[in-house]
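Reading through the structure tokens given below for one structure.
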Amino acid sequence: MRQDFLRLVVDRRHQKQPFATVTDIQSGRQSLVDETVAHGDLSLTAPQLNEVRRRVSANRSGVMDTEVNGGLFVRVYSPPARMVIVGAVHIAQALAPIASLAGFDVVVIDPREAFVRAGRLADIQAIVEWPDDGMKQVAPDARTAVVTLTHDPKLDDPALAAALRSKAFFIGALGSRKTHAQRLERLSGMGFSAADTARIHGPVGLDINAATPAEIAVSIMAQVIESLRAEAE
Amino acid sequence: MTGAVPDPLNQLSRWLADGKKAALATVIATWGSCPRPVGSHMAVLENGDFSGSVSGGCIEGAVVEAAQEVIGTGRPKLLEYGVSNEVAWEVGLACGGRVQVLVEPIT
């Protein structure tokens, strides 16, 4: 790999758009391929480019064209999954770094300045807005998990409504079974069907008898990963 | 933001920016049970320091040695490791899988 090619790969990863590098296993020649262009010293035919782009969409790295010169290795770089946490509460202080460690891009939404004040969330990105506006900025997609932690319907409900209107792969809400039943009633009043609200994991988190904020964060993280990997299969 | 686990490509960039010589090892194929998926990277510095992983720690030592050789020759090398029943202490994957690792010098 040439040093300028490595720089290109590292720069492109920051742009959060999927792409692939293709390496000729024998010669080491390489090209970077995205939706529109290919850069590098490895020439690829139109059918090869199509196959590489199919692999980018499917997020499937691997060796192709093994019959020619030992094959071409396609390494797909997909942007990280995201986790949107609503409520910069105590559990968020544990969940945000755990999710970050697990490779997620984490953003916390909370309109309450004092909860987001410097130091409470370390270097996690925070959006100090009401969840309606915050969720618009975040625009959850099929690689996004949304977890509400505030217990406050004024904050949780609009975030859950926005999540339900998105393709978010995971939606979870903290709160007891009783408050969750009340939450489902309110969402039903907003026009969401039972099938819609069935997407919400509530109470969020795997049942591991978690007690402390950090333990609850672990149980939430485990459930999010379970959903992410189930989607991938 | 990125997590607290160091990213091998970022580490590789920093080493090169410091004028050091390094190689990149990447899992390109796996068969059976393997701890790290295809695409996993490990950056290796000429002195043997490394960042990232290509297995659960079973073959890293051998890959580091191969990477140091690749840094010397300037030519990529394809490595393959499998289960090693006959010689239990030989470098191999205890989980019974097989893995191919491409090691490329950064030039």
Starting from the amide H of residue A:83, placed 1.01 Å from N in the peptide plane, find each other amide H under 5 Å away whose residue is 5 or more places distant or on another chain.
-> A:105, A:106, A:107, A:145
Size of the dipole of segment A:30-91 about the Cα centre, Lys and Arg at +1 and Asp and Glu at -1 on the beta carbon, nothing else charged, in debye to 20?
-> 320
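How do B:49, A:207 rank when sorted from fewest to most other Cβ atoms within 10 Å of their own Cβ?
Numbers: B:49 13, A:207 8.
Listed from fewest to most nearby Cβ atoms, that is A:207, B:49.
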For segment B:8-105, the dipole about the Cα centre with charges only on Cβ (Lys and Arg +1, Asp and Glu -1), to the nearest 20 debye, works out at 280
With N denoting the number of residues in the protein assembly as shown, provide Rg(C-alpha) divided by 2.2 N^0.38 Å, to two decimal places.
-> 1.13
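Among all helices in chain A defined by DSSP H, which have a length of 15 Å or more along the axis from Cα atoms plus a Kyte-Doolittle mean of at least 1.0?
Numbers: long enough: A:3-14 (17 Å, -0.70); A:46-58 (18 Å, -0.82); A:90-101 (18 Å, 1.22); A:153-164 (16 Å, 0.38); A:177-189 (18 Å, -1.55); A:213-232 (28 Å, 0.75).
For chain A, where a helix must reach 15 Å along its axis and average at least 1.0, the hits are A:90-101.
Considering all alpha-carbon pairs of segment A:3-77, what whole percent are spaced by more than 14 angstrom?
Details: 1551 of 2775 pairs.
Of all Cα-Cα distances in segment A:3-77, 56 percent exceed 14 Å.
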Dipole axis of the protein assembly as shown (+1 Lys, Arg; -1 Asp, Glu on Cβ), positive-most option in A:188, A:168, A:124 = A:188
Contact order relative to length of chain A, as percent, for alpha carbon pairs under 8 angstrom and 6 or more apart | 14
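Using a cut-off of 11 Å between beta-carbons, work out the net charge of the residues near residue A:149 (Lys and Arg +1, Asp and Glu -1, residue A:149 not included).
Numbers: positive: none; negative: A:110, A:152, A:156.
Surrounding charge for residue A:149 is -3.
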Unit charges at the beta carbon, dipole of the protein assembly as shown: most positive-side option, B:13, A:115, A:95 | A:115
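Dipole magnitude of the protein assembly as shown about its Cα centre, charges +1 at Lys/Arg Cβ and -1 at Asp/Glu Cβ only, in debye to the nearest 20? List each step's numbers first, then the result.
On the way: 33 positive and 38 negative charges, 117 e Å.
The dipole magnitude comes to about 560 debye.
Neighbour counts of other C-beta atoms within 10 Å: give me A:39, A:14, A:201 arranged from fewest to most. Mind dumping the intermediate values first?
Working: A:39 15, A:14 9, A:201 21.
So the ranking, lowest neighbour count to highest, is A:14, A:39, A:201.
If you add up the charges near residue B:50, with Lys and Arg at +1 and Asp and Glu at -1, over every other residue whose beta carbon is less than 15 angstrom from its beta carbon, what do you get?
On the way: positive: B:14, B:20, B:21, B:36; negative: B:7, B:46, B:49, B:60, B:65, B:69, B:104.
Taking every other residue near residue B:50 into account, the sum is -3.
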Normalising by the residue count of segment B:1-51, find the relative contact order in percent from Cα pairs under 8 Å and 6+ residues apart.
-> 38
Please work out the Cα center distance from segment A:25-94 to segment A:151-172, rounded to the nearest Å.
-> 31
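Every number in this text was worked out from the coordinates using simple rules, so none of it is lab data. Bear in mind that the values here come from a model prediction, so they are computed numbers and not experimental data. Reconstructed Cβ throughout: ideal geometry from the backbone, glycine too, with neighbour counts over all protein chains shown.
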